[in-house]
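A quick write-up on the structure given underneath.
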Amino acid sequence: MTNTATKLAVSCRGVTKTYGTGTSAVQALRGVDLDVNAGELLMLVGPSGCGKTTLISVIAGILDQDEGDVHVFGHDMKHMGQRARTAYRGKSIGFVFQAYNLLPALTAAENVAVPLFILGVPRREAIERARAVLTSVGIGERAKSLPAQLSGGQQQRVAIARALIHEPKLIVCDEPTSALDQDTGHKIMEILRDVALAQDRALVIVTHDSRTFEFADRIARMNDGLIARVDASPGRPTS
């Protein structure tokens with residue numbers, strides 16, 4: 001029997017991505033090889049402009065790579081049709097962004113329920129599920145609050161709840177703690193570890209926030225469009 005801890009969630013081989021053409025072309029990814037295990041929190045770090053956000057966008061099926069292969073829980077993202085990829089992303093991938101991306105006219109519960117609305121879940125059921133997920137991230141009592149009535153940390157919890165509501169297998173985060181103070185950032189990372197990985201999902205976080213490195217299982221260091229090396233987290237023993 002295969003140990004689920006060693007099951008591949010994400011496999012990237014020779015992934016390239018270039019923006020623009022001719023003399024203005026910028027090669028963001030130059031042949032990336034990377035594996036992410038199921039049940040793992042992997043942090044992607046490196047200097048600005050090294051290709052981190054491009055890489056997670058390719059992994060999540062938001063961007064097409066030029067060359068190479070990307071498999072997410074066995075699904076070939078490159079050869080999946082656009083409609084099928086959009087459907088897979090809507091069901092199986094969750095997103096958490098630095099800017100939260102909450103809709104200002106919707107309550108916290110309504111914001112969390114948006115992925116379910118898109119999937120056609122009836123409104124009443126979607127809101128009930130949203131309230132339950134908000135409770136799981138510690139702000140169930142703010143379900144009726146608008147984003148402007150929430151602190152930055154509370155807004156990020158809403159964003160996490162939205163990423164979790166459809167029970168995705170892969171969650172990608174772009175700088176989820178950089179706008180938060182250290183204590184709030186640590187609470188957000190605890191939520192991500194405890195809730196996001198509870199069902200043997202995989203979590204890939206792009207970050208510059210070294211204060212959170214201890215929460216990672218492994219840290220992949222990018223430089224100039226390539227994975228330079230992958231290290232065990234300084235806060236976790238080497239296996």
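What follows draws every value from the coordinates through simple rules; no lab data is involved. Quick caveat: nothing in here was measured; it's all calculated off a predicted structure. Quick reminder, even Gly has a Cβ in these numbers, built from the backbone with ideal geometry, and neighbours come from all protein chains shown.
Here segment 135-239 was treated as a single set of alpha-carbon atoms; its pair distances binned every 10 Å from 0 give 13, 44, 32, 9, 2 percent.
With a 10 Å cut-off between alpha carbons and a GNM built on the chain, which of Lys17, Lys144, Lys169 moves the most? Highest fluctuation of the listed residues: Lys144. Each of Ala132, Val158, Gln65 was placed along the dipole of the chain (beta-carbon charges, centred on the mean Cα), and the one lying farthest toward the positive end is Ala132. Each principal axis of the Cα cloud of segment 57-188 was evaluated for its coordinate range; sorted largest first, these ranges are 45, 37, 23 Å. The phi torsions of segment 56-62, fed into the Karplus equation with coefficients 6.51, -1.76 and 1.60 and a -60° offset, translate into couplings of 5, 5, 5, 4, 7, x, 7 Hz, rounded to whole numbers, with Gly and Pro shown as x.
Relative contact order, whole percent, for the chain stands at 27, derived from Cα pairs under 8 Å and 6 or more residues apart. Per-peptide packing, taken as the mean over residues of other Cβ atoms within 10 Å, places 25-33, 153-161, 111-119 in the sequence 153-161, 111-119, 25-33 from highest down.
Beyond 28 Å, what share of the Cα-Cα pairs of the chain is found? Please give it as a whole percent.
Values: 8877 of 28441 pairs.
Across the chain, Cα pairs with separations above 28 Å total 31 percent.
Against the chain, whose longest principal axis comes from its Cα atoms, helix 152-164 is set at around 70 degrees. For a straight C-alpha distance cut-off of 25 angstrom, the lysines reachable from Lys169 (same-chain residues fewer than eight places away being disregarded) are Lys7, Lys17, Lys52, Lys78, Lys91, Lys187.
Once the Cα atoms of helix 182-191 and of the chain are each reduced to a long axis, what angle between those two axes, in degrees from 0 to 90 to the nearest 10, is obtained? Between helix and principal axis, roughly 90 degrees.
Looking at the chain, the DSSP beta bridges with both ends there are about 55 percent antiparallel. Over the chain, dividing the summed -39,500 (n - 2.57) contributions of all DSSP H runs of at least 4 residues by the number of residues returns a 222 nm mean residue ellipticity of -8500 deg cm²/dmol.
Scalar couplings 3J(HN,Hα) for segment 46-55, obtained by applying the Karplus form with A = 6.51, B = -1.76, C = 1.60 to θ = phi - 60°, are x, x, 4, x, 8, x, 4, 5, 4, 4 Hz; x denotes Gly and Pro. Only one residue of His208, Cys173, Ala228 has its Cα farthest out toward the positive end of the dipole of segment 164-230, where Lys and Arg carry +1 and Asp and Glu -1 on Cβ, and that residue is Ala228. Counting only Cβ charges, +1 for Lys and Arg and -1 for Asp and Glu, the dipole size of the chain around its Cα centre is about 520 debye.
With all pairs of different alpha carbon atoms counted, what Kirkwood hydrodynamic radius in Å does segment 13-97 show?
Numbers: mean 1/r = 0.0725 Å⁻¹.
So the Kirkwood estimate lands at 13.8 Å.
For segment 86-177, a crude dipole built from +1 on the beta carbon of Lys and Arg and -1 on the beta carbon of Asp and Glu, taken about the Cα centre, is about 200 debye to the nearest 20. Taking Cα atoms only, the orientation of helix 82-92 departs from the longest principal axis of the chain by about 60 degrees.
Please compute the contact order of segment 1-102 in relative form: average sequence separation of alpha-carbon pairs under 8 Å and at least six residues apart, divided by the residue count, as a percent.
Over segment 1-102, the number comes to 29 percent.
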